[in-house]
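This report concerns only the one structure given below.
The values are calculated or read from the model by the stated rules, or taken from the named source; none is laboratory data. Here the structure is a predicted model, which is why all the values come from computation and not from measurement. Here Cβ is always computed from backbone atoms with ideal geometry, including for glycine, and neighbour counts include all displayed protein chains.
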Amino acid sequence: MPRRKHHVPFFALTYRCRAMFIALLLPLMALLTYYHLLHTDNALELFMDSQTFGVKFLFAAVGGVIALFWASFFTSVATAAPFLTLSSQRQLEPSDDSRSAIFFTPPTNAFSGVWTAARQRNLLLLLAGLISAIAELLLPVLLSNIPYTLTQTLTMHKLCTYLGLAIMGGMVLVLVGSMLFVRWPYMPIDPRTLAGRAYYVADSEMLRRDVMAAVAGSDWEGRRSEDEDGKELKRYFYGSIVGPGGRARMAVDCGG
């Protein structure tokens, strides 16, 4: 097995990408806080209070870029979450979590992802989905209304500033927490494609068992129901296996 144990095929989940995003968010939060507390005329306040469309468009674009990155982060977490669950099942007894991970369908958007994460009891996916949904709906609007205008009330300016800072602060906390407490398993291939998913089950005992059952005429849905009813408990896991060719590789497999 190669030494790149924590390699993941998602750029948004790499330490480098998350650190870069944090390094962009913190100065932006500091700049907005400084502008909010500023009471003297200087170049920054004159630019922010220039009453021009370009200032609002700039901050709306920044909010859109942040929301786009967070959507990518959420999608990456949703795709990698089943592998994280299964990688912790190698030495454990059969569990509902491992069977749920096998039949898990990654949500296609943050709004459905919140409900899915709550049912799966996945805290990281839940937080990522909540922030992604809020950022997609509100962040560009909030940031575009932080530059003060004559048609805007002070209360609205404060509300947009505080909410925008709270959303970005939540992003920083989730990213830092994911870097400190979540260790993604080694994933050599991107599983978002059909070929990628096939890679992770090729040469596995689970696949050989299912093929033999299909040849024998056994019904997969019936066997799945038996698993869910507890009549046939299998310990699904994700880890290194040795295929028929004698080569070690990462795969999803099952044991008794």
Looking at this structure, is Ile146 in the same structural domain as Val55 (by TED's automatic domain parsing), without any contact (Cβ under 8 Å) to a residue 40 or more places away in the chain, in contact with a helix residue (DSSP H, G or I) (Cβ under 7 Å, 6 or more places away or on another chain) and within 15 Å of Gly64 (Cβ to Cβ)? no
Can you spot a residue in the stretch 219-230 that is of a type in the set (Phe, Trp, Tyr), in a helix (DSSP H, G or I) and modelled with pLDDT under 65? yes
I need a count of the residues in the stretch 10-64 that are in a helix (DSSP H, G or I), closer than 22 Å to Thr153 by Cα and of a type outside the set (Val, Ile, Thr). 20
Scanning the stretch 193-212 for residues that are in a loop (DSSP other than H, G, I, E, B) and surrounded by fewer than 15 Cβ atoms within 10 Å (Cβ to Cβ), the one modelled with the highest pLDDT turns out to be Thr193
Residues that are hydrophobic (A, V, I, L, M, F, W, C), over 19 Å from Tyr236 (Cα atoms) and at pLDDT 90 or above: list the helices (runs of 4 or more DSSP H) wholly contained in the stretch 79-160 that include at least 1 such residues. 110-120, 123-144
With respect to Phe59, is the statement that it is buried (at least 16 other Cβ atoms within 10 Å of the Cβ), in the same structural domain as Ala128 (by TED's automatic domain parsing) and either at pLDDT below 90 or not β-branched (Val, Ile, Thr) (or both) true? yes
When restricted to Met187, Met171, the only residue surrounded by 14 or more Cβ atoms within 10 Å (Cβ to Cβ), under 30 Å from His7 (Cβ atoms) and in the same structural domain as Phe47 (by TED's automatic domain parsing) is Met171
Among (1) touching a Phe, Trp or Tyr at 6+ places or on another chain (Cβ under 9 Å); (2) at pLDDT 80 or above, there is one condition Met29 misses while meeting the rest; what is its number? (1)
Just a yes or no: is a residue in the stretch 162-180 within 26 Å of Thr14 (Cβ to Cβ) and polar (S, T, N, Q)? yes
